[in-house]
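> One structure, pasted below without further comment.
The values are calculated or read from the model by the stated rules, or taken from the named source; none is laboratory data. The structure presented is a predicted model; accordingly, all values stated were derived computationally and were not measured. Glycine gets a Cβ as well: all are built from the backbone with ideal geometry, and neighbour counts include every protein chain shown. Please note that ligands, DNA and RNA were not included when accessible areas were found on the heavy atoms of the full protein model with its side chains. Shrake-Rupley method; radii C 1.70, N 1.55, O 1.52, S 1.80 Å.
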Amino acid sequence: MMETLERPGAGSAGQSATGSDSTRPLLPVRAFLAAKDIPPAKAGAYGLVALHSKPTAASRSKLLMVCKAFIAFFPRNETASVPVEDQMFTVWPVDDPTNRQVKNDDCDFVLDHYDLVASQLAMADARKQKASFEGAGPYLVGWSPSRARGIPDALVLVVDMSSDNNQADIDNKFRFWKTKIVENPSLWRNGWSVEGVRAAIHNFADQYGQAILDAIKLIGDKKS
């Protein structure tokens, strides 16, 4: 089943990552996708909002804030005016992406219909790359190119929101994901730039505080 998830975007993502113009910015977009459609075919790169579980009475309010940030920070991929190869997808897994309430960005609905299969497979593959998900989460997990997923020596970016309990802190994690990583093509186009990502994390921490350094890790970077 893990191979099924890896296969759809592997070849195309690898080609776009090594294309003739590696300086073109990747347009950050969002998508609600089922497990079978992750990674999105031909995407330049992608990340996933990973949850340990569907919402409970204890976690719903926080997860609603995460959903609101996901919707607020990224346009829908259907509205993008650039080729899929020039898009960086942030994915929210759902079991029925075609449902009207999904298309209406109904956060309660997409939480209740979160696709745990996609999340569990993503975290399992990231664990092969030495990532840890011991906190309550949720997490943003990203691979570049898509074919790097699950390869033991490849790099994976993990943004841990376990300690974030208000909208501002959650927004800051999505802001980092969008402005410091996704919109900088030098960090994505040819696979992760270890030095570039490390510098982005430290620069962001200068503005938003030490907690950023503890929450954002490029796994496989021995100095992270």
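> If Ala168 passes every condition in (1) out of contact with any strand residue (DSSP E or B) (no Cβ under 9 Å at 6 or more places or on another chain); (2) surrounded by fewer than 20 Cβ atoms within 10 Å (Cβ to Cβ); (3) not in a helix (DSSP H, G or I) but one, which one does it miss?
Going through (1) out of contact with any strand residue (DSSP E or B) (no Cβ under 9 Å at 6 or more places or on another chain); (2) surrounded by fewer than 20 Cβ atoms within 10 Å (Cβ to Cβ); (3) not in a helix (DSSP H, G or I) one by one, Ala168 breaks only (3).
> While we're on this one: Say we look at the range 149-165 and pick out the residues that are over 13 Å from the mean Cα position of the chain (by Cα), buried (at least 18 other Cβ atoms within 10 Å of the Cβ) and within 24 Å of Asp214 (Cβ to Cβ); which of these is modelled with the highest pLDDT?
That would be Asp164.
> Write out, first by first residue and then by second, each pair whose Cβ atoms fall under 9 Å of each other, whose residues are 6+ apart or on separate chains, and whose first residue, in the range 199-218, is at positive phi while the second is surrounded by 15 or more Cβ atoms within 10 Å (Cβ to Cβ).
Matching pairs, first to second residue: Gly209/Asn172.
> Listed residues Tyr46, Tyr114; which is within 14 Å of the chain's Cα centre (by Cα) and among the hydroxyl-bearing types (Ser, Thr, Tyr)?
So the residue among Tyr46, Tyr114 that is within 14 Å of the chain's Cα centre (by Cα) and among the hydroxyl-bearing types (Ser, Thr, Tyr) is Tyr46.
> Here are some residues: Ala58, Ala50, Ala80. Which one is free of Cβ contacts under 8 Å to residues at least 60 places away in the same chain, open to solvent by less than 40 Å² (accessible area, probe 1.4 Å) and out of contact with any His (no Cβ under 7 Å at 6 or more places or on another chain)?
Only one candidate passes the filter, namely Ala80.
> Hey, another quick one. What do you reckon, is Ser119 open to solvent by less than 10 Å² (accessible area, probe 1.4 Å), of a type in the set (S, T, N, Q) and at pLDDT below 95?
Criteria not met by Ser119.
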